[in-house]
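Quick notes on the structure that follows.
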Amino acid sequence: MTTDGFDPLDFRTPARAPTRSIHASGATPDAEPDAELLEALTDAQRAAVLHLEGPALVLAGPGSGKTRVITRRIAYLVSRGVKPWQILALTFTNKAAGEMRNRVERLLPRGLSSGLVVSTFHSYCASLLRRHGDRIGLQAGFSIYDSDDQKSTMKAAIEAAGLTTSNWTPASVLAAISELKNRLLTPEEYLLEADDFWTRSVAKAYVQYQALLHRSNACDFDDLLMKSARLLRDDAEVRARMQDRARFILLDEYQDTNHAQFVIAATLASEHRNLLVVGDPDQSIYGWRGADISNILDFEEHFAGAVVLPLGENFRSTAAIVRAADGLIRHNTKRPHKDLHTALEEGEKVRVVRCQDEHDEADQVAAFFEERLREGVPYKSMAVLYRMNALSRVLEDALRRRMIPSIVVRGTAFYDRKEIKDAIAYFRVLANPRDEVSLRRIVNVPTRGIGPTTVRKIEAYAAGSGYGIFEALAIAPGAGIVKGKIGEAVHAFADLLRGFQRSMDERLPGDLADFVGEVLKQTKLDEFVGRGGDDEAERVANLDELVSAAREFQMIDDPDVTHPSLRTAVFAWLESVALVADADAFDPDRGSVTLMTLHAAKGLEFDTVCVVGLEHGLLPHARSVESDDALEEERRLLFVGMTRAERALMVSSAVSRQVRGVRQATIESAFLKEIPADATRKSDRSPTFDRIVYDEPEAFSDLDPSELFPIGCSVKHPIFGIGKVEFLARGFGGTRARIAFRSVGTKTVIVEHAKLSRVQ
C-alpha cells in the first residue's frame, strides 16, 4: 500500500473512483457503429469489437483473427469519439505493433489516428522513463544495454563484489537477477531477503551491477519493465497522468506477460477499468523467461466483472491441421476449454514421419518442400521449425544440396555484427555520454592511438575527480594526464564527439539518415571496416544498410514533445534498434525456406511447415519431463508450431540422432501419440526387418547362436542400430559377438542377452 492509499495489487474494484462512462470521454455509445468496421466479422469477433466499458478477456485461438479484432476495436473507439491519445495498445514485437498501426490508419480517415499509441511493452516503458525517469534518477538519454553489454557489466560487478567469474558466471547471475527484477525487487530489498550463501552472493553482485548501470545512465531490458512498474505504482502524480492518457487499454498476447507487465497494465487500468486483453493460454510458451500463465488463467479473479469472449474459429489452417492440433492440446489440464474449429476444407492429413536418422529426416523435409513447390507453393511460404538451434545444421546442408534456398532466423543477426555494434556505440555515446561500455568500445575504433593504458589513466582521473569518462576525455589533455601525440588524439576525439552533439541539438528529426552517414564518414569508420579481409565489401555494405535503416525509420508522433530535434530522433532510433525482437528478423519476402526455432515462430504463419525432432529429450525437452507444468508448456510449444501451418504440415522424428559426436538411439515423443489418428497419415522410414527375437536366454538352449547370427550377417541391436557380425566365440556367461555397427562403431555384446534381430 502506498502513502496515498492506492493499492496497486487490488484491481478487483476501482481504486479511487467509480468507473467513468465512455460518454464522459466524448464517445456516443448509443450510436450505430460504422458498417465498414464490422464488415466480414463473425458474431464472436463482432462482440469483442463492440465491447466498450469494463474489463474483457478475448480467448483467441490460433488463426482466429485477433489482430483484426484489436484494430477494428481501436477504430471503433475513435469513431465513437474517443481521443486517439487516450487509447493504448501494447504487444510484444515491433512487427506486430507496426502491422496494427498500419491497419488502424487504413481504417480511419487521414489524421484521425494521430497520437494513438500502438507499441511494444518495452518501447512504451522506455518512452515513459525518458519522460519521467528523472524522478527516479534516470536521465532522458539513457542507454539500453543488450546482452553483450549486460555480460560485460556483470563481469565487472562480480569482481567488484569480491566474487570470481569462474564460480559465478555472468550468465547465471544475470538470470537470477532477471527473476528478481520480474518480482520488482531492488538490490536493497533482496539483501534483506537473502538468507544463504548463494542468495547473499547474488545480492552483492546485484548491488554492484545496478551501481554500474546507474553510473553509465543505462538500463537493461528488465529495468525498463521494473522501473516503469515501480514508478507507476509508487508515484501518484505520474500514475494519474498516465492513467488519464490510457483510458482504453488493449493488450495483445496477454498469456506472455510476466509479473512486472501485469503490474504495469493493471495499474494503468485501475482508474477507468477499460482493459481488454487478447490471448490464448494454449500458446503460452515463454515460462522459461518469466511469462506467468496465471495472469490470463486468473484474469476474472484479478478484474471483477470481466467479460470472457472466446474466438475458436480458425481462418488459417485446414480442418485436418486444426483437428490434429486441437486433439493434442486437449491433453493439457491448465486451460479454459474452447472449441477449435474451421470452416475451411479438410485438406491433406498431417504427415507423421519416423526417419532413420537426422540426415534421412532432412532429406524427407527437402523432398516434402520440392513436392509442394511442384504444386505451386513458393519456397518463401515454407518453414522448418525445431526446439533447438543445433538441429538446423543438417537441415541447412540438405537444403543446400538440393539447391533449395533457405535462411536461418536467429534473432537480431544484423545488429550483432561487429561493424554495426561499433557504429551504434557511437550514437549511444552521443545520446548518453555516461555510457561507459559504449565509450570504451569506440575510443580506439578506428585506431587513433588511444590504447588501454591511456584509457586506464583517463578512467583513474575520472574516478579521482568525480568526472564521467566522457568529461575526462575533454579535460585530460589540458590537465596533463595525457600528453604529446596521444594527448592530441584524445583532444581531437573528444572535440569530434562534442561537434556531433551540437549538431543533434541544431538539426531536425528528418536529418537522421544524413546525420548517421556523416558520423560514419567523419569518424572514418566506413574506411576502417573496408580495409582488407575477405568480407570487406560485405562490412561496407552493412554500414550502408545502417544508413538505409535510419532513412526508413519513422518516429511516432508524441503529443507531449512540441519541438522535436534530431537528438529526439536519435533517442527514438536507438530505442527501436535496442528493442528488436526475434520475430522482427523474419522477412516473408526473402524467397527462401525459413528455418527457425518454435519459440521464434510464434505469431507467424506459412503455407507449409515441418516440425522436426519430435523425440523424448528434444520435444519434450529433457528438462521438462519431471514437471507437469513444464511438460504442458512443451505441449503448447508443439501446438504453436503445428498451428503455424495453413495447408500442409509434416512432423518428424528420427530413430537415431548424433549428439555431441555420439550416435544415440531415440524414443519417439509421446506427443505424437496424442495427435488424433484420423487427422494423420503415418510413414515409417526406419529400417524394417523380418525379426527373430529371443527375449530370454533360455530360448537359445537348443539353438546354436553361430547359426542364427553367422559371421558376415547383418543384425539390428535395439540401441546401437544396424551392424555386421565380425566375430563369434562361446565363453563364460554366453556367446560373445563382435559387431561393427554403422552408427557407433564396433561393440562386443553377449548374444543371449543382446536381443539381436537378424536382418533378412
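Return yes when GLU99 is assigned to a helix (DSSP H, G or I), open to solvent by 20 Å² or more (accessible area, probe 1.4 Å) and more than 27 Å from THR342 (Cβ to Cβ) and no when it is not. Against the criterion (assigned to a helix (DSSP H, G or I), open to solvent by 20 Å² or more (accessible area, probe 1.4 Å) and more than 27 Å from THR342 (Cβ to Cβ)), GLU99 does not qualify.
In the set ARG110, ARG101, only one residue is of a type in the set (Lys, Arg) and under 22 Å from the mean Cα position of the chain (by Cα); that residue is ARG101. Residues that are among the basic types (Lys, Arg) and either open to solvent by less than 30 Å² (accessible area, probe 1.4 Å) or assigned to a helix (DSSP H, G or I) (or both): does the range 171-183 have at least one? Yes.
Results for (1) among the β-branched types (Val, Ile, Thr); (2) under 28 Å from the mean Cα position of the chain (by Cα); (3) at pLDDT below 85; (4) on the phi > 0 side of the Ramachandran plot, shown as yes or no for each residue.
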position	(1), (2), (3), (4)
PRO378	no, yes, no, no
VAL384	yes, yes, no, no
GLU396	no, yes, no, no
ARG410	no, yes, yes, no
LYS418	no, yes, no, no
VAL429	yes, yes, no, no
THR453	yes, no, no, no
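Scoring ALA585 on the criteria (1) at pLDDT 90 or above; (2) under 20 Å from the mean Cα position of the chain (by Cα); (3) small (Gly, Ala, Ser) leaves a single failure, condition (1). Among the numbered conditions (1) open to solvent by less than 60 Å² (accessible area, probe 1.4 Å); (2) at pLDDT below 90; (3) within 29 Å of the chain's Cα centre (by Cα); (4) more than 30 Å from SER64 (Cα to Cα), the only one that PRO564 does not meet is (3).
Could you please let me know if ARG200 is part of a helix (DSSP H, G or I), charged (D, E, K, R) and out of contact with any strand residue (DSSP E or B) (no Cβ under 7 Å at 6 or more places or on another chain)? Spell out the reasoning first.
Details: part of a helix (DSSP H, G or I): yes; charged (D, E, K, R): yes; out of contact with any strand residue (DSSP E or B) (no Cβ under 7 Å at 6 or more places or on another chain): yes.
Considered against the rule, which asks whether it is part of a helix (DSSP H, G or I), charged (D, E, K, R) and out of contact with any strand residue (DSSP E or B) (no Cβ under 7 Å at 6 or more places or on another chain), ARG200 comes out as yes.
The residues of the range 365-406 that are open to solvent by 50 Å² or more (accessible area, probe 1.4 Å) and either part of a strand (DSSP E or B) or of a type in the set (Lys, Arg) (or both), listed by number, are ARG374, LYS380, ARG393, ARG400, ARG401, ARG402. Taking the listed residues ASP256, ASP292, ASP234, the one that is within 17 Å of CYS125 (Cβ to Cβ) and surrounded by fewer than 21 Cβ atoms within 10 Å (Cβ to Cβ) is ASP234, with no other qualifying.
Tell me yes or no: at least one residue of the range 265-274 is touching a Lys or Arg at 6+ places or on another chain (Cβ under 7 Å) and of a type in the set (Ser, Thr, Tyr). Talk me through it step by step, then tell me what you get.
Initially, the range 265-274 is screened for residues touching a Lys or Arg at 6+ places or on another chain (Cβ under 7 Å), giving 267, 271-272, 274.
Filter once more, keeping what is of a type in the set (Ser, Thr, Tyr): 267.
Within the range 265-274 (the criterion being touching a Lys or Arg at 6+ places or on another chain (Cβ under 7 Å) and of a type in the set (Ser, Thr, Tyr)), the answer is yes, since at least one residue qualifies.
One residue alone among GLU707, GLU633, GLU696 is modelled with pLDDT of 70 or more and surrounded by fewer than 16 Cβ atoms within 10 Å (Cβ to Cβ), and that residue is GLU707. Could you please let me know if GLY641 is assigned to a loop (DSSP other than H, G, I, E, B), over 24 Å from GLY721 (Cβ atoms) and within 18 Å of the chain's Cα centre (by Cα)? No. Tell me whether the range 146-155 contains one or more residues that are aliphatic (A, V, I, L, M), in a helix (DSSP H, G or I) and open to solvent by less than 10 Å² (accessible area, probe 1.4 Å). Yes, that holds for at least one residue. For the condition within 25 Å of VAL744 (Cβ to Cβ) and open to solvent by less than 20 Å² (accessible area, probe 1.4 Å), ALA654 qualifies. Residues in the range 343-364 that are acidic (Asp, Glu) and in a helix (DSSP H, G or I): GLU358, ASP360, GLU361, ASP363.
The values are calculated or read from the model by the stated rules, or taken from the named source; none is laboratory data. Owing to the predicted nature of the structure, the values given are computational and were not obtained by experimental measurement. Cβ: placed from backbone, ideal geometry, glycine included. Neighbour counts: every protein chain shown. The protein model used for the area step is the full one, side chains on, heavy atoms only, and it has no ligands, DNA or RNA in it. Shrake-Rupley method; radii C 1.70, N 1.55, O 1.52, S 1.80 Å.
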